[in-house]
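**Student:** Can you read through this structure? Questions will come right after.
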Amino acid sequence: MDLTKDRKKLKELYLPDTEDFVLVDVPDLFFAVVDGEGSPEEEGASAAIHHLFKTIYPIRREARKRMGKSFVEPPPEMLYWADDMRDLPLGNKERWKWKAMVVLPDWADESQFSVEDGNAAPTVRAERFKEGLCAQIMHVGGSQGIPTLLERLYTQYLPQQSLVPAGAYHEIYLDDWHRVAPEKRRTVLRQPVRFVGA
């Protein structure tokens with residue numbers, strides 16, 4: 001799917017309700033990805049995101065040229081999981097594993113990535129995947145409020161809807177944390193799910 005041409009789907013995926021969890025069908029999308037582990041609040045995750053945006057700069061520049069005023073800078077996204085998935089709602093971030101990601105237009109490919117700057121730089125690769133049915137909500141505020149929402153998701157909303165997790169937990173950061181106060185930051189919280197018995 002080309003999200004640059006489907007504004008309705010773009011809004012559905014990236015601007016969910018702030019009060020209640022909603023279900024959404026996430027299509028097959030194309031990403032630039034960097035792998036990591038440990039707390040995403042430490043230097044490793046921010047460095048990975050910085051390098052990710054630097055690597056895909058030629059693609060962003062070309063997209064801006066093609067789309068003109070319609071160009072919207074893609075937000076950084078993170079997939080999280082752990083060997084024991086209970087570590088997610090418990091906030092045991094030192095045990096988390098993650099992927100830093102940025103969605104790419106369908107016409108992009110790895111040949112357009114800029115050259116990595118040195119052997120110490122993390123490897124950026126292109127990856128396409130489909131999350132399918134997901135439960136998501138918009139969280140407004142600092143990261144300290146997220147564990148409460150995850151607890152609500154896993155212990156209340158999903159059981160009430162006869163759903164169970166079916167993939168890595170996903171966060172999408174819509175605001176630049178260097179420019180937006182913590183209480184105003186918008187983060188999409190997304191969890192792929194499946195119906196019990198499916």
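**Student:** Identify all residues within segment 176-191 that are more than 18 Å from residue 20 (Cβ to Cβ) and either touching a helix residue (DSSP H, G or I) at 6+ places or on another chain (Cβ under 6 Å) or touching a residue at least 12 places away in the same chain (Cβ under 8 Å) (or both); write none if there are none.
**Tutor:** First, the residues of segment 176-191 that are more than 18 Å from residue 20 (Cβ to Cβ): 176-185.
Listed by number, the residues that qualify are 182, 183, 184, 185.
**Student:** Given the residues 70, 39, which is the only one that is surrounded by fewer than 15 Cβ atoms within 10 Å (Cβ to Cβ), of a type in the set (Gly, Ala, Ser) and out of contact with any Cys (no Cβ under 6 Å at 6 or more places or on another chain)?
**Tutor:** Just a single option satisfies the conditions, and that option is 70.
**Student:** Any idea how many residues of segment 139-175 are touching a helix residue (DSSP H, G or I) at 6+ places or on another chain (Cβ under 9 Å) and not aromatic (Phe, Trp, Tyr)?
**Tutor:** 13
**Student:** From the list 33, 22, exactly one residue is under 19 Å from residue 133 (Cα atoms), hydrophobic (A, V, I, L, M, F, W, C) and at pLDDT 90 or above. Which is it?
**Tutor:** Numbers: 33 fails: under 19 Å from residue 133 (Cα atoms).
That would be 22, the only listed residue that is under 19 Å from residue 133 (Cα atoms), hydrophobic (A, V, I, L, M, F, W, C) and at pLDDT 90 or above.
**Student:** Something else: How about segment 11-117: which strands (runs of 3 or more DSSP E) wholly inside it have at least 1 residues that are of a type in the set (Val, Ile, Thr)?
**Tutor:** Correct list: 22-37, 97-104.
**Student:** Sticking with this one: Can you tell which of 77, 62, 110 is among the acidic types (Asp, Glu) and under 22 Å from residue 177 (Cβ atoms)?
**Tutor:** 77
**Student:** For residue 94, are the conditions met, namely being modelled with pLDDT of 90 or more and farther than 23 Å from residue 128 by Cα?
**Tutor:** Values: modelled with pLDDT of 90 or more: no; farther than 23 Å from residue 128 by Cα: yes.
Criteria not met by residue 94.
The values are calculated or read from the model by the stated rules, or taken from the named source; none is laboratory data. As the structure is a prediction and not an experimental result, all values here were calculated from the model. Heads up, the Cβs are rebuilt from the backbone with ideal geometry, glycines too, and the neighbour counts pull from every protein chain shown.
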